[in-house]
Amino acid sequence: MKGLQIIQSIVRMLVGVMFIVAAVLKLLSIDNFEIYIFSFQFLNLSLTAIAARCIIAFEMLLGVALLFKFFYKQTWWTSMLMMMGFTVFLAIVAAFRNDANCHCFGDLIPITPISSIFKNLFIIALLFFIKNPKQPRIGIKNKKDESEKSHFQLFAWEDYSKKFKTWSITASSIVTLLVCFILFPPNYFLNKLFSKNEYVMTQIYEQAYTDSSFYLQLNDIQYDKIKDTVTFNKDTGRLSMDNGRYVVAVYSSGCKYCKQSSELLRTIFERNNLDPMQLKVLIWGSDPSISKFIKETKTNAYEFRKISPFLALDMVHGSFPTFILIENGEIVEGFDYRGISENRIVGFISEGK
């Protein structure tokens, strides 16, 4: 029985560590995790940012509780319900979406929804194995029982008072929330703290807007399923935004944050049924790189124009991505990727109707 006790204690700690590691990896790639949650269109962008960090904090806290065996019965049931819920969710995702990464372990360890289902089933089996740990437990603290036989407890603090464990869980909760929301604050919060007055060089933009030689329009953007790539033709044509309201995105095709922002904008437009013609994309880079950008962000429905890299650098002070709100050909506002707000985008376009 002693061998079984040792194995159960080790498995319990490994599951707890796995929860903590998964939470940390998601936190290190929080922007992509946030975008992934937002793509399901359950919540608006602001609430998605909060929900993503709460999920990470909750998973991290469960890991700590399993590792140190705080309120074990409640922790076990919560862990089991969480894993079962995630498994059902992943099954739905696998059936109706073609996601390459479910972000269970962030971007560092990509894993498909189907693979993650098998991973979750394995964890559920481990949780059943440690549901009723045998007594006595082994570990780091020596103690004498009534029969004078020594035994140990490995990160299982039953001897401590309920008050101590309550304070420990409370402190752990506060620390995890501080880590998720202070060290990795939501973008919209950062934007309020570190906003800038000038994002766009107005003179350069106005010059480019009136000269069609600055732009190459990408026409007939199509996805080739056989070659798994995006194809397009190019033609010179003036960018017309003299009437109406538009969102102009200035991207670099190799920019990580440009891709993240492009997915966000696409989801915002789809979620709110906005006219795709009201989003104009100015992008610089090689043709293969631009094709890859469009394929990965699934934005072939929007108007793309290839722009000179020197013009792009001068126009937005070398900061990518940059977004410009245009009304009747005039700049209303500029902001960077941290300033993307669903209310800002939808409100600006809707007010012009």
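The values are calculated or read from the model by the stated rules, or taken from the named source; none is laboratory data. Bear in mind the structure is a predicted one, so any value in this text is a computation, not a measurement. All Cβ positions, glycine included, derive from the backbone under ideal geometry; neighbour counts span all protein chains shown.
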- [ ] Return yes when VAL88 is loosely packed, with under 14 Cβ neighbours inside 10 Å and outside the structural domain of VAL346 (by TED's automatic domain parsing) and no when it is not.
- [x] yes
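Does any residue of region 21-43 turn out to be of a type in the set (S, T, N, Q), closer than 30 Å to GLY339 by Cβ and in contact with a helix residue (DSSP H, G or I) (Cβ under 6 Å, 6 or more places away or on another chain)? Explain how you work it out, then say what you get.
Applying the first criterion (of a type in the set (S, T, N, Q)) to region 21-43 yields 29, 32, 39, 41.
Remaining after also requiring closer than 30 Å to GLY339 by Cβ: 29, 32, 39, 41.
When the remaining residues are screened for being in contact with a helix residue (DSSP H, G or I) (Cβ under 6 Å, 6 or more places away or on another chain), the result is 39, 41.
Yes, region 21-43 contains at least one residue that is of a type in the set (S, T, N, Q), closer than 30 Å to GLY339 by Cβ and in contact with a helix residue (DSSP H, G or I) (Cβ under 6 Å, 6 or more places away or on another chain).
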Task: Hits in region 107-120 - residues which are surrounded by 13 or more Cβ atoms within 10 Å (Cβ to Cβ) and either more than 24 Å from the chain's Cα centre (by Cα) or not in a helix (DSSP H, G or I) (or both) - done: ASP107, PRO110, ILE111, THR112
TODO: Only residues in region 113-133 that are closer than 22 Å to ILE37 by Cβ count as the first member; pair them with residues that are hydroxyl-bearing (Ser, Thr, Tyr), Cβ under 6 angstrom, at least 6 apart or cross-chain, and list the lot.
DONE: ILE117/THR87; ASN120/THR87
- [ ] Can you give me the number of residues within region 91-106 that are surrounded by 14 or more Cβ atoms within 10 Å (Cβ to Cβ) and of a type outside the set (Gly, Ala, Ser)?
- [x] 7
TODO: Could you pull out the residue among PHE68, PHE38, PHE33 that is in the same structural domain as VAL179 (by TED's automatic domain parsing), crowded, with 16+ Cβ neighbours inside 10 Å and over 22 Å from SER116 (Cβ atoms)?
DONE: PHE68
TODO: Scan region 235-243 and give yes if some residue there is touching a residue at least 60 places away in the same chain (Cβ under 8 Å) and either within 29 Å of the chain's Cα centre (by Cα) or in a strand (DSSP E or B) (or both), otherwise no.
DONE: no
- [ ] Among the residues of region 68-77, count how many are out of contact with any strand residue (DSSP E or B) (no Cβ under 9 Å at 6 or more places or on another chain) and closer than 19 Å to ALA171 by Cα.
- [x] 6
Open item on the list: Please determine whether any residue of region 59-71 is under 16 Å from the mean Cα position of the chain (by Cα) and in contact (Cβ under 8 Å) with a residue 40 or more places away in the chain.
Closed with: yes
Open item on the list: Can you list the helices (runs of 4 or more DSSP H) lying wholly within region 1-84 that have 2 or more residues being polar (S, T, N, Q)?
Closed with: 2-28, 45-68
- [ ] Kindly indicate the residue of region 305-326 that is touching a strand residue (DSSP E or B) at 6+ places or on another chain (Cβ under 6 Å) and of a type in the set (A, V, I, L, M, F, W, C) and also surrounded by the fewest Cβ atoms within 10 Å (Cβ to Cβ) among those meeting that condition.
- [x] LEU325
- [ ] Only residues that are surrounded by 15 or more Cβ atoms within 10 Å (Cβ to Cβ) and either farther than 20 Å from SER116 by Cβ or aliphatic (A, V, I, L, M) (or both): list them for region 15-27, please.
- [x] VAL15, MET18, ILE20, VAL21, ALA22, ALA23, VAL24, LEU25, LEU27
